[in-house]
Amino acid sequence: MVLLSFINPLSEEGQEIVKEKGDLESVFSSNDELIYIVTHDKRQNIDDDSLIPESYGDLAIKRIQWYIERKNNKDFNNDDYSYLFNEEITEADVISFHLISQAIATKLNPNSREARFFVESQGKIIEERLVKLPEQERKEIVNRILNQLIFQENINWKFLKELVASKKISLTDLVLDEGNIILDKEDFINRFGDKFKDRAPDRMYEIIIGDSIKELILTKMIMQNTENYLQKIREMSSKIEVHPAISELSEKIAQSISELTSKYSGFYGVGGSEGSMKIGKLIKEAFPPCIATTVEGVSSGGRNDAIVLLLTSFVSYARLYPAIFRNEGVDVKVSDIDPNLTITLNEILPLIYEAADNCSPPLFDDQPQEKINITSKLGFGMYENPELDHEGETTWYTPMSCEKIKMHLPQLCRPDKLCAKIGNPLSYYSRAKWLMEKEGKSANSINSNNNSNGDSKNNNNQ
Amino acid sequence: MFKTATLEERRRYYREEWSEKDLPKFITDELRMREFGFDHLGHGPNDRYKVFKGKDSLRRFLRYKTPFAAYISVAFYNNPRRRGDWLKSEYVFDVDAKDLPIRSCDCDGVCEICLSEALEIVNNMIDTLEGDLGIKKIHLIYSGRGYHIRILDDEIMDSDSELRSEILKYVAGAEVPKLKYGNISEGSGSSYNFEHFSIPIAYPKVFTKRIKYNIQHLKGNEEIDDINKNLLKDIIKNRDLLDDDQWGIFRSKIGPRRYKNMVTGMARVNLATIDAKVSIDLKRILRLPTSLHSKVSMKCVEVKDREWFDPFKSAVPKFVEERK
């Protein structure tokens, strides 16, 4: 029987393994046992030494590398990382999981891209490990872990409200009755048996709920618990001194992620099939109606959200990284594209501040603290102005979707023909630029008509 | 009725008819933690950040000022005078009869027909809140031109806008239900496609019920994204099939591609039925139950029996009856 901690490294069993074997002095020491397991995995590709993790630290880095490679590399070969799905690796894997948690929580930020890659990779590892288990064993382990995670027999959906709020689980995907999430077959048939007229209820249970909803809940709960665990370590870390091996590991993780994201993200290269996705000066003519209206100024009622949430994220991504939705999962920071923040300070913020002034009443007149919120939405923490030192303290917000705009700021949604084809204002912008170029207006000629303050020479990525 | 109340009528209402005893308990509990707002001239609530220590001081204020409109925050604060130190907020669904995207009447503002349709819609929503989501502390308020569902469930009161918008999508039926059922991980097991109407439980049931209501109330002159004039005509032509829930035949008459458009359009209608920004706002002020909606000369009152509530019996102030 596979160990519970193969799926849930945060289980008590996982904690025990760390207590017994998690010696911080040996984070980067060569580990014969680990090497043996990896090299004796039947599927593992052992042609290339660099594929073999030699230490717990090395395994920690490779766990995240696997996730990024798997997501972005068209020629990805699962046999390069086959050991990750070999249950014999459990102990080493649990130790590496806890090492990454320490490294990210103490030296990086819980909202950093490193943290997000780690949490997402954990979710993906669980999914793939479960798929590879024999069916009966898979069912058993899912039930055992769920019993540990959920104490009561009937789970109320509010127990998972954190997962719902963070959109890890959608309420609409669950079968809910009287507040309970229905997971048990007998319970399902008791409650709904007479509702199905043309189909057998037990068959419908297998299809609608079966194991998939249980596995979904389990995976997302462990992801959420991993996030909470990072937060907990971070709170505790201010009281203890960080071990040098952990500092070294966090540097290596950050470096490895930077190398991989730059390898796979579009913003360093130019061209590609969508020429219009390149970064470049803002072309106001290509702004969607909601953004154009916001730039002209919004009257009170939705004013703050329009400027702080909608415009800030739109303008910053449109100017710096319009291809964000094309490269989902490849996380970027403002400074990856605008290393000295020249564009941010000279082009992006002036446009946002101008729009804020156009509002009635002008936004900063009665709420000057909103400047801090704008900085925060660019990923630079809670400060009046963005500074490189603070980057990563908050998240660089991606523009809200059209659906969300309709809900939050319905007065701004005045769709035109192009809107029908897109789901996000940024996609509108990219498409509108592309159409303008197709119609013969080159981006440059449009730029020359555009009143922009920045100096494009400062942008070495163009 | 539906005429603006004069200053004299407002005075009569607050001095002769209004009583602090009518204030619902969920309002008077922790009254001093709420922000009050007032509209004195009918231009919108610009007298805000007011706080009352208790029912008496509120009574004195209302009698003396006889405001055009009175509001109370959904939020509870340690320092309501500055809207400081937010503690929690009621969760609200605002359904305004005059803004219903589909309604049978042709009136400009509100009338008996659209008000009763708004009540039917909020009743359906409350059924979902109670039946599916197991939420218990629900109060329904007639707001003068529509209804406020006010939820004081502890575990939702302290939640953020994100959770509120997720619940809203479920209760409103604002998301097209998934088609594919089966294993979450790609490449393993098989998956099945089911239209919403094939699953008579959980969210697909909620969605099916909402759009059936919409389809049965269409007049034919609506402008709905994703549903063009021809499609609208065909939906109406075939809608009798839905009386017996013959969705499969209905779908085949519409055609699969157009059916998809219809479903998408209807999800939008469902969202537009509720003023979603009220639901996700943690610091909103709403009409004070018992206060006068001067624009239409009706009282804002708590609905005790939601199946049988009739605003024309329970929310008409005395001065209106005497106008005739």
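Coordinate-derived values only; no laboratory data. Small disclaimer: the values here were computed from a predicted structure and weren't measured. No Cβ is skipped: glycine too gets one built from the backbone with ideal geometry, and neighbour counts run over all protein chains shown.
Descriptive notes on the structure:
- For region A:117-184 versus region B:213-264, the gap between their alpha-carbon centres in whole angstrom: 36
- Computed over the Cα atoms of region B:161-309, pair by distinct pair, the Kirkwood hydrodynamic radius stands at 18.0 angstrom.
- Exposure proxy order (Cβ contacts within 10 Å, fewest to most) of A:Thr342, A:Thr294, A:Thr172: A:Thr342, A:Thr172, A:Thr294
- Springs join every pair of Cα atoms under 10 Å in this Gaussian network model of chain B, and among B:Lys304, B:Lys283, B:Lys212 the largest mean-square fluctuation is at B:Lys304.
- Going from the residue with the fewest nearby Cβ atoms within 10 Å to the one with the most, A:Thr344, A:Thr395 rank A:Thr395, A:Thr344.
- Seen from A:Leu24, the other residues with C-beta closer than 12 Å to its C-beta sum to a net charge of -3, counting Lys and Arg as +1 and Asp and Glu as -1.
- For chain A, the longest principal axis of the alpha carbon atoms and the long axis of helix A:212-237 meet at an angle near 80°.
- Translational diffusion coefficient (Stokes-Einstein; Kirkwood radius from C-alpha pairs) of chain A at 25 °C, 0.890 mPa s, in µm²/s: 99
- Rg/Rh (Cα only; Kirkwood hydrodynamic radius) as it applies to chain B: 1.02
- When its C-alpha radius of gyration is set against 2.2 N^0.38 Å (N residues), region A:99-252 gives a value of 1.27.
- Evaluated over region B:214-287, the Cα radius of gyration and Dmax, each in Å: 15.3, 47
- Taking the C-alpha atoms only, the angle from helix A:12-21 to the longest principal axis of chain A is near 80 degrees.
- Each principal axis of the Cα cloud of region B:25-143 was evaluated for its coordinate range; sorted largest first, these ranges are 43, 38, 22 Å.
- Compared with the dominant principal axis of the Cα atoms in chain A, helix A:244-264 is inclined by about 60°.
- Separation between Cα centres of region A:1-58 and region A:353-392, rounded to whole Å: 45
- Normalised by 2.2 N^0.38 Å, where N is the number of residues, the alpha-carbon radius of gyration of region B:77-131 equals 1.64.
- Exceeding the 28 Å Cα-Cα cut-off - candidates A:Lys232/A:Lys377; B:Lys98/B:Lys253; A:Lys71/B:Lys178: B:Lys98/B:Lys253
- Here is how the number arises for chain B: DSSP H runs of 4 or more residues each give -39500 (n - 2.57), the sum is divided by the residue count, and the result at 222 nm is -11000 deg cm²/dmol.
- Taking N as its residue count, the alpha carbon Rg of the protein assembly as shown over 2.2 N^0.38 Å: 1.04
- When both region B:164-184 and region B:75-128 are represented by their alpha-carbon centers, they are found 22 Å apart.
- In chain A, helices alone account for a calculated mean residue ellipticity at 222 nm of -15000 deg cm²/dmol, with every DSSP H run of four or more residues adding -39,500 (n - 2.57).
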